[in-house]
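For reference, the structure is listed below as structure tokens.
The values are calculated or read from the model by the stated rules, or taken from the named source; none is laboratory data. Keep in mind the model is a prediction, meaning the values are calculated, not measured. Ideal geometry is used to build each Cβ from the backbone, glycine not excepted, and the neighbour counts take in all protein chains shown. All accessible areas refer to the heavy atoms of the entire protein, side chains included, with ligands and DNA or RNA removed. Shrake-Rupley method; radii C 1.70, N 1.55, O 1.52, S 1.80 Å.
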Amino acid sequence: MALTTDDPYLGPVVVSEEDIRDRTRELGARITADYQGRPPLLVGVLKGAFVFMSDLARVIDLPVEFDFMAVASYGSSTRTSGVVRIVKDLDSDLAGRHVLLVEDIVDSGLTLAFLLRNLAARHPASLAVCALLVKDVEPSVAELAYVGFRIPRDFVVGYGLDMAERYRNLTCVRRYEGPESLA
Ligand code: IMP
């Protein structure tokens, strides 16, 4: 079965492939200008951010380095509880590094708040966030230096984002209109 043509759970496109590409280029150019002389360590939050980070890194014209961490949050499949556990920690020592945390999506901001607290305690020289998507909620708990798109509160999938591990390989971001768990 083709990935999307027959899938009744996939709703409208929220952010198109072309818009992601254009906006990622803009963000890359801004990051390149802002980090002259102090190349960032890109820290991706697995698994969702890996697609965005891969494209973003390639439009940053600086000798960036990569690291990844994975977190698991307790809660239902479509809502986080804010209680976050580190499943895979970073390999690098952050002390004195210019850390740019790359996130796929910020919803309640609870996961991000946890990550920022955790990373700040490791004494980086600077710490900033680049998030592809931010849901339109109350003013965020965290300052976001770089934001791709502000989107409505619907649950979305694609371009790294999943529902029960599916749809990460969609080239655009679409609204998910299926059940809260997938067989
Ligand atoms: P927060 O703690 O509520 O900001 O949730 C952040 C995390 O929940 C993200 O890093 C995603 O892993 C997941 N998440 C939140 N909203 C969505 C969505 O619409 N689609 C897929 N995952 C989401």
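For the reader, a short list of remarks on this structure follows.
- Any chance Arg122 is over 18 Å from Lys47 (Cα atoms) and in contact with an Asp or Glu (Cβ under 6 Å, 6 or more places away or on another chain): no
- Yes/no for Lys47 being under 14 Å from the mean Cα position of the chain (by Cα) and open to solvent by 60 Å² or more (accessible area, probe 1.4 Å): yes
- A count restricted to the range 1-59 and to residues that are closer than 16 Å to Cys130 by Cβ, polar (S, T, N, Q) and in contact (Cβ under 8 Å) with a residue 12 or more places away in the chain stands at 2.
- Condition check for Asp136: open to solvent by 50 Å² or more (accessible area, probe 1.4 Å), over 21 Å from Arg30 (Cβ atoms), in contact with a strand residue (DSSP E or B) (Cβ under 7 Å, 6 or more places away or on another chain) and in contact (Cβ under 8 Å) with a residue 12 or more places away in the chain: yes
- Summed over the range 59-84, residues that are at pLDDT below 95 and either within 9 Å of the ligand (Cβ to nearest atom) or over 16 Å from the mean Cα position of the chain (by Cα) (or both) total 13.
- From the list Leu144, Leu161, Leu127, the one residue that fits, being open to solvent by less than 40 Å² (accessible area, probe 1.4 Å) and either at pLDDT 95 or above or touching a His at 6+ places or on another chain (Cβ under 7 Å) (or both), is Leu161.
- Strands (runs of 3 or more DSSP E) wholly inside the range 90-183 that include at least 3 residues being on the phi < 0 side of the Ramachandran plot and more than 11 Å from the ligand (Cβ to nearest atom): 98-106, 126-135, 146-151
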